[in-house]
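Working notes, beginning with the structure itself.
Values quoted throughout were computed directly from the atomic coordinates according to the rules given, and no laboratory measurement underlies them. Everything numeric here is computed off the predicted structure, so don't read it as measured data. When we count neighbours, we look across all protein chains shown, and the Cβ atoms used for this are built from the backbone with ideal geometry, even at glycine.
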Amino acid sequence: MSKLQIVIALYPGVTHLDFTGPHQVLSRLPNADLAVASMGGIDIEAEGLTFTNLADLAAIERCDVLCVPGGLGTTDAMLDEAFMAQIRRLGAGAKYLTSVCTGSLILAAAGFLKGKRAACHWAWRDLLVPFGVIVDDGRVVRDGDIITGGGVTAGLDFAFVLVAELAGETFAKSIQLGLEYAPSPPFASGRPELASPEILAAVKARMEPFAQSRLAAVQQVAARLEAAQ
């Protein structure tokens, strides 16, 4: 029986928990090869941590599962045609297309999410609309063989859903126990509808400097995608 091939595609400016959380869970799958890859296998710096010994994304022939994490670098990644070409190539042959956080914007920019339901970080989910995506505010959203997670920490929940799909719910539960994944957050402030108006306003203000450039990138890529179809 051939091994399941899972690829996590990285790019500069990725959020490390978007992929290290799922990687921790997925690395325990039996009969699976898990590759973390970047263009040219270059080192990726993510919020003070540097990830090295990465696979070359372009050298990977195929995968069964493609996972794209998010991060502030999503904007530049969508505009990087060389990177997007590899996402389209690998995604076209994958059985499962998956993402965490704003990684769904990259899947959408590759043309995979039109008419599909998908999740994204709460602050950026409306940017899926220009790609014809049906926006869903769920923490983990499945539409056929497309499985997307919401913002950052939702990557853990996403990973358990994916493991249950690939190896069964019982095995997923055993990994959950082994990792003692029993979240009990100290504050009820993890979603905009739970946070106080003051906290929500402060977080939105911190994100505002990135909003216009990301919107412009989405509009540019969406127009290019529409013209090509």
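At 7 Å along the Cα-to-beta-carbon direction for both Arg88 and Arg191, put a label point, then send me their distance in nm to one decimal.
3.5 nm
Based on other C-beta atoms within 10 Å, arrange Phe112, Phe158, Phe210 from fewest to most.
Ascending number of Cβ neighbours within 10 Å: Phe210, Phe112, Phe158.
Once amide H atoms are built 1.01 Å from N in the peptide plane, which residues 5 or more positions from Gly71, or in another chain, come under 5 Å H to H?
Distant-sequence amide H within range of Gly71: Thr15, Thr102, Gly103.
P(r) for the chain: what percent of alpha-carbon pairs falls in each 10 Å bin, starting at zero?
Computed distribution, short to long bins: 8, 34, 38, 17, 3, 0.
Between the range 68-116 and the range 160-229, what is the C-alpha centre distance in whole Å?
With the range 68-116 and the range 160-229 each reduced to a Cα centre, they are spaced 15 Å.
Taking the beta-carbon count within 10 Å as an exposure proxy, list Tyr11, Tyr96 from fewest neighbours to most.
Listed from fewest to most nearby Cβ atoms, that is Tyr96, Tyr11.
Test of understanding: what is the full-extension gain from Ala205 to Lys114, defined as 0.36 nm times their sequence separation minus their Cα-Cα distance?
The span from Ala205 to Lys114 would gain 29.8 nm if fully extended.
I need the phi-derived Karplus couplings for the range 138-144: 6.51 cos²θ - 1.76 cosθ + 1.60, θ = phi - 60°, integer Hz, Gly and Pro marked x.
Values, residue by residue: x, 6, 9, 10, 10, 9, x Hz.
Over the chain, calculate the relative contact order: mean separation of alpha carbon pairs under 8 Å at least 6 apart, over the residue count, as a percent. Intermediate results must be reported in sequence, preceding the final value.
Numbers: 425 pairs, mean separation 41.2, N = 229.
Once normalised by length, the contact order is 18 percent.
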